[in-house]
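Quick notes on the structure that follows.
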Ligand SMILES: [Zn+2]
């Protein structure tokens, strides 16, 4: 009798360990939200940063840094230099590279439609632009990215509205989508984008610092069903706002 009870207890313990393991092994594994549109992605022994901004430390561990566009909350020279190491490849639209070309040895100027093979990291450059506001005109050729590391594909939308090109994105494991409104999609529009993209998981971003709140992330999550949404806590605390 005691033996049987022990067996059941052991089985229950194993099951709960297995479940916790499963939570950690989802497509979001290796993805850290650093606040706003800033992410660190570590998969298949590679480290990619996208739009690093307001970082609390200087890890100098980036294999690849991707910049979506030249607005200050996406292109921060100071933060790029905090994550760069001698072998880092910096990728971005030409107007994002100009202030960094002397500091970073390898730079790649890109525009939507191009793709790069960077030693184990495949980068597809995709369009990102506004359709009902003027902050990010299509003519600027600013970017979103699909990053493939190992067999996993992560889409960072950049600052964009819902655009028809989103339908063409294929086999997206994780979609990082802005939800703040004002400069890019609202939570409701981001849920429409998620339905077009049909990722295995969506993660809201671009809120909690300059524009947008946790409420936007929650509304996004409600409206995304049945697509699973994971709301992250930022791992790099934003500093107080400048009073401009
Ligand atoms: Zn932005």
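None of the figures in this text is laboratory data; all of them are computed from the coordinates on show. Owing to the predicted nature of the structure, the values given are computational and were not obtained by experimental measurement. Heads up, the Cβs are rebuilt from the backbone with ideal geometry, glycines too, and the neighbour counts pull from every protein chain shown.
Odds and ends about this structure:
- Added length on full extension, which subtracts the Cα-Cα distance from 0.36 nm per residue, residue 218 to residue 151: 21.2 nm
- Packing-based ranking of 201-208, 134-141, 84-91, 181-188 yields 201-208, 181-188, 84-91, 134-141, ordered from highest to lowest mean Cβ neighbour count within 10 Å.
- Label-point gap, in nm, between residue 198 and residue 233 - each point 7 angstrom along Cα→Cβ: 3.5
- Equivalent ellipsoid semi-axes - Cα gyration tensor, the chain, angstrom: 32, 22, 18
- Efficiency of FRET between residue 134 and residue 188 - r from beta-carbon atoms, R0 25 angstrom, step 0.05: 0.75
- Distance in nm between pseudo-label sites at residue 103 and residue 81 (7 Å out along the Cβ direction from Cα): 0.4
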